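Visitor: The structure follows.
Taken together, the values in this text are just the output of simple stated rules run on the coordinates, not laboratory data. Note that the structure is predicted; figures quoted are calculated from it, not measured. Because the Cβ atoms are built from the backbone with ideal geometry, glycine has one as well, and the counts that use them run over all protein chains shown.
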Amino acid sequence: MGENISEYKFKRGFKPENERIRGIMEDIFEVKPAENGGKLTLRYGAIKELKAWVEDKKLFVETSSDLSVKDEKLILDTNKRFRDFLEEATGYTAKERLKAAKKAVAGE
């Protein structure tokens with residue numbers, strides 16, 4: 001419970017490279033991610049574990065929430081950083097990612 005794997009396309013000009021993703025993770029979360037088997041992993045705030053990796057020119061992100069965190073400011077900060085990470089990594093805003101996800105579900 002609390003785990004989620006998502007995949008994201010990269011906007012043109014946003015390179016699907018682990019090294020670029022590592023730099024973004026460090027900048028946004030202010031934590032150095034560990035690397036294991038090509039997956040970058042970190043812990044931050046209300047995220048028990050975040051794994052990110054590039055496969056087939058897509059970004060895959062697996063998250064596990066720390067459900068014990070009750071500090072609302074920390075939860076909001078964690079969510080904002082996560083959204084910022086996805087936007088900087090993929091080039092797509094939250095609104096654009098939602099639109100793409102709806103298209104994928106509809107099978108367009």
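Visitor: Just name the residue that is surrounded by the fewest Cβ atoms within 10 Å (Cβ to Cβ) out of those in the range 26-46 that are of a type outside the set (Lys, Arg) and closer than 19 Å to Ile75 by Cβ.
Guide: Quick first cut of the range 26-46, residues of a type outside the set (Lys, Arg) only: 26-31, 33-38, 40-42, 44-46.
From the residues that got through so far, the ones that are closer than 19 Å to Ile75 by Cβ too are 28-31, 42, 44-46.
Working: Ile28: 20, Phe29: 20, Glu30: 10, Val31: 13, Leu42: 19, Tyr44: 21, Gly45: 21, Ala46: 21.
Among residues in the range 26-46 that are of a type outside the set (Lys, Arg) and closer than 19 Å to Ile75 by Cβ, the one surrounded by the fewest Cβ atoms within 10 Å (Cβ to Cβ) is Glu30.
Visitor: Checking the condition out of contact with any Gly (no Cβ under 6 Å at 6 or more places or on another chain), in a loop (DSSP other than H, G, I, E, B), β-branched (Val, Ile, Thr) and closer than 19 Å to Asn4 by Cα, which residue from Val61, Val105, Val54, Val69 passes? Outline the logic, then answer.
Guide: On the way: Val61 fails: in a loop (DSSP other than H, G, I, E, B); Val105 fails: in a loop (DSSP other than H, G, I, E, B); Val54 fails: in a loop (DSSP other than H, G, I, E, B).
When all the criteria are applied, what remains is Val69.
Visitor: From (1) without any contact (Cβ under 8 Å) to a residue 40 or more places away in the chain; (2) more than 12 Å from the chain's Cα centre (by Cα), pick out the condition that doesn't hold for Lys51.
Guide: With respect to (1) without any contact (Cβ under 8 Å) to a residue 40 or more places away in the chain; (2) more than 12 Å from the chain's Cα centre (by Cα), Lys51 is out only on (2).
Visitor: Within the range 30-37, does at least one residue satisfy the condition of being within 11 Å of the chain's Cα centre (by Cα) and closer than 23 Å to Phe10 by Cα?
Guide: Just the residues of the range 30-37 that are within 11 Å of the chain's Cα centre (by Cα), to begin with: none.
No, the range 30-37 contains no residue that is within 11 Å of the chain's Cα centre (by Cα) and closer than 23 Å to Phe10 by Cα.
Visitor: So, Ile21, is that one surrounded by 14 or more Cβ atoms within 10 Å (Cβ to Cβ), under 29 Å from Lys103 (Cα atoms) and β-branched (Val, Ile, Thr) or not?
Guide: Details: surrounded by 14 or more Cβ atoms within 10 Å (Cβ to Cβ): yes; under 29 Å from Lys103 (Cα atoms): yes; β-branched (Val, Ile, Thr): yes.
So Ile21 passes the test.
Visitor: Could you check Val69 against (1) without any contact (Cβ under 8 Å) to a residue 12 or more places away in the chain; (2) surrounded by fewer than 15 Cβ atoms within 10 Å (Cβ to Cβ) and say which number it fails?
Guide: Result: Val69 passes all but (1).
Visitor: Give all pairs with beta carbons closer than 8 Å in which a residue from the range 93-108 that is more than 16 Å from Phe14 (Cβ to Cβ) meets a residue that is exposed (fewer than 11 other Cβ atoms within 10 Å of the Cβ) and among the aromatic types (Phe, Trp, Tyr); count only pairs at least 6 apart in sequence or on separate chains.
Guide: none
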